[in-house]
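Q: First, the structure itself, so that you have it in front of you.
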Amino acid sequence: MASLRLIRSWWVILAFVSGFALAMLAEDLILDSHDNRIEFSAPRIHFLSGKPLDRLRNAAEVPFDFSITLWSGTKNHIFRRSVDRFVVSYDIWEETFSVVSKVQQPGKSASHLKAPATEAWCLEQMSMDVTGLSATEPLWAHLDIRAEDEGRGPGGLFGKGNISESGISLNSLIEILSRPPPSPQAHWQLDAGPLKLEDLRNHRR
């Protein structure tokens, strides 16, 4: 009987640990706090796939438009928004990707990356300064990724002529976030929250 109770105890522990692991894996958009910035990751999302990947393997450059919105206090209060366009290319000989940011000044770039590292790199560039954000108020985040459709030409999420050397205008950004992507367009949307900044900081300790 003692051995049976021991086996049952181990099964309870295993179930708890497995459940915790599954809960971690079930996170779509993961937020992390470092200094005064929030960093984002989405290990379950793979935008280098499907038609965009086919185009890359056919030697085409594919722009991916990213938008992250952070609300604080309530879902009616937008604390900050971040947008960027990442142009990805593929080396068929090395079977690696290169990517460059088209909004950040000066533009950042990376090369000789595999697909998961390329996807992670793009999200790493979307980190947000949260100076002034209360550590105890709830916050929510929304990620929007859109692959520019073949044949649409420059514009994508931002719309033609909305990007300049200084970045993107607020009016254009509001327009972007209020306009749903066309149904044929490859896109991904993820959410997180409610969370608290103090919990994210405590998690790193």
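Q: Given H placed 1.01 Å from N in the peptide plane, which residues other than close sequence neighbours of Leu29 have an amide H under 5 Å from its amide H?
A: Asp191
Q: Placing unit charges on C-beta atoms (Lys and Arg positive, Asp and Glu negative, everything else neutral), compute the dipole magnitude of segment 83-133 about its Cα centre in debye, rounded to 20.
A: With only Lys, Arg, Asp and Glu charged at Cβ, the dipole is about 160 debye.
Every read-out reported here was derived from the displayed coordinates using simple, explicitly stated rules and does not represent laboratory data. The structure presented is a predicted model; accordingly, all values stated were derived computationally and were not measured. Counting neighbours? That spans all protein chains shown, and the Cβs are built from the backbone with ideal geometry, glycine included.
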